[in-house]
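Let me begin by presenting the structure, written as structure tokens, before commenting on it.
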Amino acid sequence: MQTQVMFYLLNDEISKDKNTAETEQDTRSAIYHACLQASHFYRQNQRVYIYTQDKQHAEQVDEMLWAFDSDSFVPHNLVGEGPKSGAMVEIGYQPPQSRRPVLINLTSTVPNFANQYQFIVDFVPSDETLKQQARERFKACRQWGFSVDNQPAIEVET
Amino acid sequence: MTEITTGTLSANIANQSATKSVNEVSHAFSESGALAKAIQGFSPRQAQTDMALDVAHAIENESSLIVEAGTGTGKTFAYLIPAFLSLNPKVPKKIVVSTGTKNLQEQLFHKDIPLIKKALASNAQVALLKGRANYLCNYRLAQYQDSRGQLDAQMLQDLVKVKTWANGTQSGDIGELVNVSEDSPIFPFVTSTLDNCLARDCPNYESCHLVRARQKASDADIIVVNHHLFFADMALKDTGFGELIPKAQVMIFDEAHQIGDIASEYFGEAFSSKQLVDLCTDVLQVHRSSLTDVKQLGLAAEKLQKTCQEFRLLFNYDPERGNWREKHKQPQFQQKFANLKTDLDFLYQVIKLCISRNEAIDNCFDRAVNLLAQYEVMTNVESFGMSFWYETTPRSVTLHQTPLTVSDKFNTVVKESGAGWIFTSATLAVDNSFDHFSKHLGLQGARQLMLDSPFDYQTQSQLVVPRYLPQANDKNRALKLAELAEPLIKASKGACFMLFTSYRVMNQVAEILASSIDNPLLVQGQMAKRKLLEQFIEADNAVLLATASFWEGIDVRGDKLTCVIIDKLPFASPDDPLLQARCEDARRQGGEPFSQIQLPQAVIALKQGVGRLIRDVKDRGVMVICDDRLVNKPYGQTFLKSLPDMKRSRDIAKAAEFLESLTE
């Protein structure tokens, strides 16, 4: 089955806060939208792997997901804790241990295990360097033969 | 504020022609009302007034009401004021207020009620009624003085204090005896039990403190009782009583989350080897003091005593609970249990020959008859709809037969009472629903009201589930728990509880912490519970390690307690025989035991815990739950939606920062 990839364009508007670096804002925004997506897929009863850059990044995702509004609660775990086969949503910076249909990619490249997934969620940040990396990922996905599309990420107040 | 029924109550009330009492209630809580005048700094709060109006409504219409009032809503006044205002000298009314513990009873009676009486200029008669074991028994005190053997120094001292106090006391409430320790072994000898009370045959009946207290209660407008007393009365478990409910027009239950289990207990039966041994002791006393000629009395009683001990020895050394049905199937248990019957029967036959020789032996005869009947209950282990379980203490075994559901019985009592029933607590709802509570007690038709706490939990508190916790059965779990506790204890400068589901892990953690931190460590089992708590409050920087059940009913205010670390979600032990029976029953009815029984029970327990950490608008604190099922299981949502909205984090370092900011 062909893997479907959806790139969400992160809103430039939120980068107005001058005190925080743009890349930092992008990271936060991507994490936030990753959590929203995880919540969405969990409610469709789909198991999700959220792939992050490093340990600290994984813990940031974990922290935000745990603090999410209780109506959008997402049972999740970090790789290295929780049940053996993982919770409905698993977060890690390591290659996945179990097969899941959905990958949410928060890293700068397309991981080499990407073709295991039926559905991949990725993000296009507003910072130029990061945006360029996203373009590369977009291209890479095409080369993998995935069906790739993009749409704006919708800002939701939680 | 969330209201479950549609439409606000004020609207409802307007429709039903605003009555005098409702107007009075609104006025009492208003800016210029009685409360504002009597209490400095009182400001009207919508949630409190809403609850008071609903209570007034339930009293007036003799209907039922379930209210969850979050900590800090002021629910005590919200039910007491309408209760007092509903009193009318022309139409005598009786109101029963029942609460969880003796301490809470006393707080109501000595603190809250006097304040309200003053505010409302009420001259209502209020009575405090406790259980039988709280009242001095003059007859038993006299008996004890006559027949006691050698006493150790402490017992002798206590006896002298009791005697001195007994001469002067009006109420006979042993709570007045502040200089005798609560757990003094003297008390069983100077108070009565249902078994050994001679009731109307008692030579001291005229001066009986219990009878007087009951008389007072029966004459009062408002009676303050506790749940155990209430349900003992309701299930007619204390004879010559059963007088509270028929006479009352209003029943108010505070701490109502407890009454489901208490009701089950009282609608059930129990048979304890302690009752048998007590009977033997009393028979021996009669034999030695008056019926010295009947040698068989002594022999029969000693034989039964010995068999009781043997029966206890069949069970494990450590106190435990278990399934009596299963034990009853095993030959060795069956054999000893049958021996109990043989020996009890023999004792009964011997006592029978002594009937009418004096009151004491007649009382023993009645008890033997009752015990034989209860014995039969415990042999019919095949009865349906019942759980048969046992509970052991170091010296005794108690067998229980508990009905799996009390909803029919309780519902009948409520319906037939023609009274208004009000159930309130800070912890009744699970996932914003009262189903769990109302189904258990058959209260599906009751009006429901949910009032949020006025506290700002987001800034006052944190709920932390640490990352990378070891599995529940990991052998390094104790070490890991101690490691993550250390920075928190340092940050909070003590003022910390650690609660465990197992004694083993508790002791392991205690051992590790003893060498790694300087704070005084208080560990359950070192001394009596009350002593431990006193020391915890005195010490300022102490850490208390205890099992989870320790927490029930504990009240530590302010910065004395800022950090609570719990090793596991408070699910009841799956080995609990009553729980097993209820789950089995739910399964048979096509239900789901986990979501219907185990989960709601754990949610309520955890809610209680949070309520103890944050008791005031100024309280701050961190709750650390070392159980990642809260994060990775779908039912975590049920917990989160039921708990106050605390700031959630998984970061121990952040929690430590927060704690540090409190002690600066």
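Distance between the modelled labels on B:S595 and B:K37, one decimal in nanometres: 5.4 nm (7 Å Cα→Cβ projection). Distance from the C-alpha centroid of the range B:307-375 to that of the range B:555-614: 35 Å, rounded to the whole angstrom.
Of the chymotrypsin sites (Phe, Trp or Tyr not before Pro) found in the range B:299-389, those that fall in a DSSP loop while having at most 15 other beta-carbon atoms within 10 Å are B:Y317, B:F384. How much net charge surrounds B:D645 when only the other residues with a Cβ under 12 Å from the Cβ of B:D645 are counted, with Lys and Arg +1 and Asp and Glu -1? In short, -1. Pairs from the list B:K531/B:K647; B:K568/B:K654; B:K560/B:K654; B:K568/B:K647; B:K409/B:K439 with a Cα-Cα gap above 24 Å: B:K531/B:K647.
With +1 on the Cβ of every Lys and Arg and -1 on the Cβ of every Asp and Glu, and nothing else charged, how large is the dipole of chain B about its Cα centre, in debye rounded to the nearest 20?
Approximately 220 debye in magnitude.
When B:K303, B:K329 are sorted by how many other C-beta atoms sit within 10 angstrom of their C-beta, beginning with the fewest, the order is B:K329, B:K303.
List B:E483, B:E31 from most exposed to least, where exposure is judged by having the fewest other Cβ atoms within 10 Å. Please list the in-between numbers first.
Working: B:E483 16, B:E31 9.
Going from sparsest to densest Cβ surroundings: B:E31, B:E483.
Pairs with C-alpha atoms separated by more than 24 Å, drawn from the list B:K75/B:K130; B:K94/B:K130; B:K93/B:K607, are B:K93/B:K607.
Taking every DSSP helix (H) stretch of at least 4 residues in the protein assembly as shown, weighting each as -39,500 (n - 2.57) and dividing the sum by the residue count yields a mean residue ellipticity at 222 nm of -14000 deg cm²/dmol. Loop-located chymotrypsin sites (Phe, Trp or Tyr not before Pro) in the range A:68-158 (DSSP state other than H, G, I, E, B) with a sparse environment of at most 15 neighbouring Cβ atoms within 10 Å: A:F113.
What order do you get for B:V381, B:V180, B:V622 when you list them from fewest to most C-beta neighbours inside 10 Å? Mind dumping the intermediate values first?
Details: B:V381 17, B:V180 20, B:V622 27.
Listing B:V381, B:V180, B:V622 from fewest to most nearby Cβ atoms yields B:V381, B:V180, B:V622.
Counting only residues at least eight positions apart within a chain, or on another chain, the lysines with an alpha carbon under 22 Å from that of B:K274 are B:K237, B:K303, B:K306, B:K327, B:K336, B:K341, B:K352. Once the C-beta distance of A:T107 and A:R142 is scaled by a Förster radius of 30 Å, the resulting FRET efficiency is 0.95 to the nearest 0.05. Taking GluC sites (Glu not before Pro) in DSSP loop conformation with at most 15 other Cβ atoms inside 10 Å as exposed sites, chain A has its longest uninterrupted site-free stretch at A:1-154.
Select from the range B:18-92 those trypsin sites (Lys or Arg not before Pro) which occupy a DSSP coil region and have at most 11 other Cβ atoms within 10 Å, ordered by residue number.
Numbers: sites: B:K20, B:K37, B:R45, B:K75, B:K90; in loops: B:R45, B:K90.
Answer by residue number: B:K90.
Applying a 4.7 Å cutoff between beta carbons, the unpaired cysteines of the protein assembly as shown are A:C35, A:C141, B:C137, B:C197, B:C202, B:C208, B:C280, B:C308, B:C354, B:C364, B:C583, B:C626.
The numbers here are math on the coordinates, done by the rules we state, and not lab data. Predicted, not measured: the structure shown is a model, and the values here were computed from it. Backbone-built Cβ (ideal geometry, glycine too); neighbour counts: all protein chains shown.
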